[in-house]
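Working notes, beginning with the structure itself.
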Amino acid sequence: MTTTQVRAACPLDCPDTCALLVTVEDGVATAVKGDPDHPTTAGVLCTKVSRYTERTYHEDRLLHPLRRVGKKGEGKFERISWEEALETIAARLKPIAERAPEAILPYSYCGTMGLIQGESMSSRFFNKIGASLLDRTICAMAGFTGYKYTIGGSIGTDMEQFQNAKLLIIWGGNPIASNLHFWTRAQEAKRNGAKLIAIDPYRSLTAEKCHQHIALLPGTDGALALGLMHVLIKEDLLDHDYIAQYTLGFEELKQRAAEWTPERVAATCGITVDEVVDLARLYGGMAKAGEPVAIRTNYGVQRVRGGGMSVRNMACLPALVGAWRHAAGGIQLSSGGSFPTNKPWLQRTDLLKKQPRTINMTTIGDDLLRPASAAFGPALEAVIVYNSNPLAIAPDSDKVMQGFMREDLFTVVLEHFQTDTVDYADIVLPATTQLEHIDAHTSYGHLYMMANNAAVAPMGEAKANTEIFRLLAAKMGFDDDCFKDSDDQLAAQAFNAQDVRAIGFDWEALKQKGWQKLNMPDAPFAQGGFPTPSGKCEFYSAQMQADGLDPLPAYIPPYESVASNPELAARYPLAMISPPARNFLNSTFVNVKSLRSAEGEPHLDIHPDDSAARGIAHGDMVRIFNDRGSFVCKARVTDKARAGLVVGLSVWWKKLAKDGKNANEVTSQQLTDMGRAPTFYDTLVQVERVAA
Ligand code: SF4
């Protein structure tokens, strides 16, 4: 027997981007473990990816191209050859590409985070066609935008420093489920005497293990941040020297923050005055005493109308107290902006003959149903889905389903499994998993460039996304040299080797070692140097004003809340959020039996007061509904959900739920204040008991 160990990288939408060691015995991957030498992975993987071989060798893997033989949504297919599949697709796309190229839409996201199997050859293909562009804003763009206005880019505290913090505020995230290796460091900080505070409407696994949990109402984080500023300024818990040297607009901020008394903030957030004041005193007081204080925020806070502004407000806090002076101080939303990727080359944006329109992936439900018009352009006629599962993950799911049901829509799906979306495909193409192809990765949690080597040969007739788009390009008659680049050639250009951050980047060396840290300072803004237009942390942002936004930190209430829409709240009085279930990653892994068993079945956490008012007992089946739709699941009566809040951990495949629906039946297609992002956690519902 030949046994080898192959260096790989986790492809999933998780900030940790773990370094993997894949054991291969006679051509079969038998184990996936964390690389003990990689500093952030440290030999540990989450349960999900420890089971990655179970997923790769799953009996339901799609192994051959398929053609639909049943009705859309029925999921009935027949096997066809690659030649037939590619010919069929090219024959359908060519006339559309000649007549109205924008009627073709790629739909993809972070099914893989890889630079190569994500948007490289695929983008070249769609750019050559002149297809509609996709606004890939469904996860991070609101927070990214708010953070960028303030800090200048997605750069923050290095993950490898958090264990040295003395106060850690975990704001809008559940790292035990979705940022495990940060949590390891948070625990180390706790052992070293740090205080951990969770800010989250829901008492998540993480919140339960922190010293304090502040359970504010969804969508009110921006108000809490303003309240903290108010107390910091009023009680002079400030770093005046840092403010004077490295920030812009303090006097204007001072006036704005004065409006946000702790009483007003407490009423807005549904918390106590003491919670506001005590947190500010702790944060500012420790910083003033020279202790490193850090905020780790995540994307939970920004899935509401004012999500971008909330993150902007939070991003102002470290500069007020001078927390950036310490390597273990500051704030991290994402480290993604630290990487000098070479996306224009990977994606060959120069292939575009003119700038096509952009379709937002959050509004795919409405956009698939939109007729041609002067404002919209041509109706969508063909959608090619890869690295995504819009039927399960996109909001306002009934509209998405209606759109994909259109008989005149030609749908191609590249997938590993027969997901909810595959059921609506005309042609299905089997794609490789991370163990079967090569890729290069950045991270949005740490600072390492990562390489993924192919550990095993593709299963069945599966092909890598890059190869599929190469073959499709050939069938379309595209003969540009860029469609001949191999995956290794693509990966070799993935990072800008001349950039000082990636100095010494060499793909062959990266493949051998698996990872290489960027050349970044430990404390990125200890002496200012913010990549904003002013070079300072911008409390006042002229760019925001130019973009039609409030140039100062502000509070933007949710679209749907008791305070902001009492008429709607009279009918639908409960706020609903749908954060990630621990054993799933978005909609990936839901079909892996051992992980699904660990989650049990779809359920809704509801506070005892709210369940009692509705005659709902623990374990009852309930219907969750609003004007957009409804879904059914089992009630868990628990005070983990604060009163007035219900929580449906997600994202379940619809076809595996009792009523064939999931939480996205009730979420909306409304967009955030900035960044054109979704508002999944800005949702009012009513809940009623139904027969089991
Ligand atoms: S999902 Fe996250 S924690 Fe799990 S292996 Fe991948 S990167 Fe690591």
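Within the range 13-24, if we keep just the residues that are aliphatic (A, V, I, L, M) and crowded, with 23+ Cβ neighbours inside 10 Å, the residue that is farthest from the ligand (Cβ to nearest atom) turns out to be V22. From the list A440, A425, A457, the lone residue that is more than 16 Å from the ligand (Cβ to nearest atom) and crowded, with 24+ Cβ neighbours inside 10 Å is A425.
Taking first residues from the range 167-182 that are on the phi > 0 side of the Ramachandran plot and partners that are more than 10 Å from the ligand (Cβ to nearest atom), the Cβ contacts under 6 Å between residues at least 6 apart in sequence or on separate chains come to G172/T297; G172/N298; G172/G300; G172/V301.
Collect the residues in the range 389-400 that are hydrophobic (A, V, I, L, M, F, W, C) and assigned to a helix (DSSP H, G or I), keeping them in residue-number order.
Taking the range 389-400 first, the residues hydrophobic (A, V, I, L, M, F, W, C) are 391-394, 400.
Listed by number, the residues that qualify are L391, A392, I393, V400.
Examine the range 190-198 for a residue that is buried (at least 23 other Cβ atoms within 10 Å of the Cβ) and either of a type in the set (V, I, T) or in a helix (DSSP H, G or I) (or both), and state whether such a residue exists. There is no residue in the range 190-198 that is buried (at least 23 other Cβ atoms within 10 Å of the Cβ) and either of a type in the set (V, I, T) or in a helix (DSSP H, G or I) (or both). The lone criterion from (1) more than 10 Å from the ligand (Cβ to nearest atom); (2) touching a residue at least 24 places away in the same chain (Cβ under 8 Å) left unmet by G43 is number (2). So which helices (runs of 4 or more DSSP H) are wholly in the range 202-248 and hold at least 3 residues that are within 30 Å of the chain's Cα centre (by Cα) and touching a residue at least 24 places away in the same chain (Cβ under 8 Å)? Where helices (runs of 4 or more DSSP H) fall fully within the range 202-248 and carry at least 3 residues being within 30 Å of the chain's Cα centre (by Cα) and touching a residue at least 24 places away in the same chain (Cβ under 8 Å), they are 205-209, 221-234. Working carefully through the options I169, I176, I138, find the one that is of a type in the set (A, V, I, L, M), in a loop (DSSP other than H, G, I, E, B) and either within 16 Å of the ligand (Cβ to nearest atom) or closer than 29 Å to I577 by Cβ (or both). The match here is I138. S50 satisfies every condition listed in (1) over 25 Å from the mean Cα position of the chain (by Cα); (2) surrounded by fewer than 19 Cβ atoms within 10 Å (Cβ to Cβ) except (1). E567 fulfils the conditions (1) buried (at least 17 other Cβ atoms within 10 Å of the Cβ); (2) more than 24 Å from G227 (Cα to Cα) except for a single criterion, (1).
The sole residue among G75, G27, G34 that is more than 12 Å from the ligand (Cβ to nearest atom), at pLDDT 95 or above and within 25 Å of L510 (Cα to Cα) is G27. Just one residue in the set S541, S534, S561 is surrounded by 21 or more Cβ atoms within 10 Å (Cβ to Cβ), among the small types (G, A, S) and assigned by the TED database to the domain that holds A257; that residue is S541.
Would you mind stating whether T272 is polar (S, T, N, Q) and more than 28 Å from the chain's Cα centre (by Cα)? Considered against the rule, which asks whether it is polar (S, T, N, Q) and more than 28 Å from the chain's Cα centre (by Cα), T272 comes out as yes. A residue that is touching a Lys or Arg at 6+ places or on another chain (Cβ under 9 Å) and farther than 30 Å from D480 by Cβ cannot be found anywhere in the range 339-358. Residues of the range 583-601 that are of a type outside the set (S, T, N, Q) and crowded, with 20+ Cβ neighbours inside 10 Å: F584, L585, F589, V590, V592, L595. Among the residues making up the range 564-604, those that are of a type in the set (G, A, S), in contact with a helix residue (DSSP H, G or I) (Cβ under 7 Å, 6 or more places away or on another chain) and either under 23 Å from D221 (Cα atoms) or in a strand (DSSP E or B) (or both) are S578, A581. Any residue at all in the range 465-479 that is closer than 30 Å to R61 by Cα, at pLDDT 95 or above, under 27 Å from the mean Cα position of the chain (by Cα) and of a type in the set (D, E, K, R)? Yes, some residue in the range 465-479 is closer than 30 Å to R61 by Cα, at pLDDT 95 or above, under 27 Å from the mean Cα position of the chain (by Cα) and of a type in the set (D, E, K, R). Pairs are defined by a Cβ separation below 6 Å, a sequence spacing of at least 6 or placement on different chains, a first member in the range 416-429 that is more than 13 Å from L62 (Cα to Cα), and a second member that is of a type in the set (S, T, Y); the pairs so defined are Y424/T411; A425/T411; D426/T411. Look at T56 and say whether it is among the polar types (S, T, N, Q), away from the ligand (no atom under 15 Å from the Cβ) and closer than 18 Å to S594 by Cβ. Against the criterion (among the polar types (S, T, N, Q), away from the ligand (no atom under 15 Å from the Cβ) and closer than 18 Å to S594 by Cβ), T56 does not qualify. The residues of the range 249-275 that are of a type in the set (S, T, Y) and in a loop (DSSP other than H, G, I, E, B), listed by number, are T261, T272.
For the range 430-462, the tally of residues that are over 23 Å from the mean Cα position of the chain (by Cα), over 21 Å from A492 (Cβ atoms) and touching a residue at least 60 places away in the same chain (Cβ under 8 Å) stands at 7. Of the set (1) without any contact (Cβ under 8 Å) to a residue 40 or more places away in the chain; (2) within 14 Å of the ligand (Cβ to nearest atom); (3) not hydrophobic (A, V, I, L, M, F, W, C), all apply to E84 but (2).
The values are calculated or read from the model by the stated rules, or taken from the named source; none is laboratory data. A quick note: this is a predicted structure, and the numbers were derived from the prediction, not measured. A quick note on method: Cβ atoms are made from the backbone with ideal geometry, for glycine too, and the neighbour counts reach across all protein chains shown.
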